[in-house]
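Since every read-out is calculated from the coordinates, none of them should be taken as a lab result. These numbers were taken from a predicted model, which means no experiment stands behind them. Cβ coordinates were reconstructed from backbone atoms using ideal geometry, including for glycine residues, and neighbour counts include every protein chain displayed.
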Amino acid sequence: MGGTNDFLQNVALGEKSMTFDADGNLSVDVSTFYGACHQMFKNLKTLFPSAEIVCLGTPYGRKVSAAHFTDPYGITNTQGLTSIMYGDAICDIAGMWGIRSFNIGRLLGINETNILDYSDGLHFNSEGSAIMANNLKNIFQSIRY
């Protein structure tokens with residue numbers, strides 16, 4: 001569920017594109033979210049070339065203590081981004097590397113009206129984990145190669 005900590009730490013998305021130097025080495029800014037995702041997926045594909053890798057985007061979340069965020073509810077960080085936007089971003093980069101991805105923040109039905117029923121704002125409780133597990137089980141069972 002990549003992106004949660006980046007959302008909390010106000011990491012800039014950066015440039016979505018990836019470039020390679022003359023030697024074929026990936027050339028991205030790993031201090032940005034897009035760049036770090038590119039590097040992570042490159043490393044995973046290099047280390048585990050035959051593995052079936054699945055990326056789960058960030059669940060809906062908010063920072064309950066929003067002292068460093070721009071809105072009092074902790075939904076939008078100082079970059080002007082929500083957790084769902086980080087989920088979309090990591091899924092976009094995963095797709096560029098041929099990695100199947102699901103932004104669970106858009107799939108689970110968890111939102112501002114019910115988030116505290118299923119989490120502390122960021123970390124799922126047992127009910128939230130069950131919702132995620134059931135949704136993912138249904139998704140994976142429906143995939144046919």
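Bridging of LYS137 to lysines at a Cα separation below 26 Å is possible for LYS45, once same-chain residues fewer than 8 apart are set aside. Of all lysines in the structure, those lying under 17 Å Cα to Cα from LYS42, and not within fewer than 8 positions of it along the same chain, are LYS16. Computing P(r) over Cα pairs in 5 Å bins from 0, in percent directly from the structure and comparing it against (1) 2, 10, 18, 20, 18, 14, 10, 5, 2, 1, 0; (2) 2, 9, 18, 23, 22, 17, 7, 2, 0; (3) 2, 8, 12, 16, 18, 18, 13, 8, 4, 1, 0, 0 singles out (1).
Distance between the modelled labels on ASN25 and SER142, one decimal in nanometres: 4.3 nm (7 Å Cα→Cβ projection). Nearest 10 degrees is fine. How inclined is helix 126-142 to the longest principal axis of the chain, computing both from alpha carbons? Result, in degrees: 40. On a 0 to 90 degree scale, rounded to 10, what angle separates helix 83-96 from the longest Cα axis of the chain? Rounded to the nearest ten degrees, it is 20. Placing +1 on the Cβ of every Lys and Arg and -1 on the Cβ of every Asp and Glu, with nothing else charged, gives region 25-139 a dipole about its Cα centre of roughly 320 debye.
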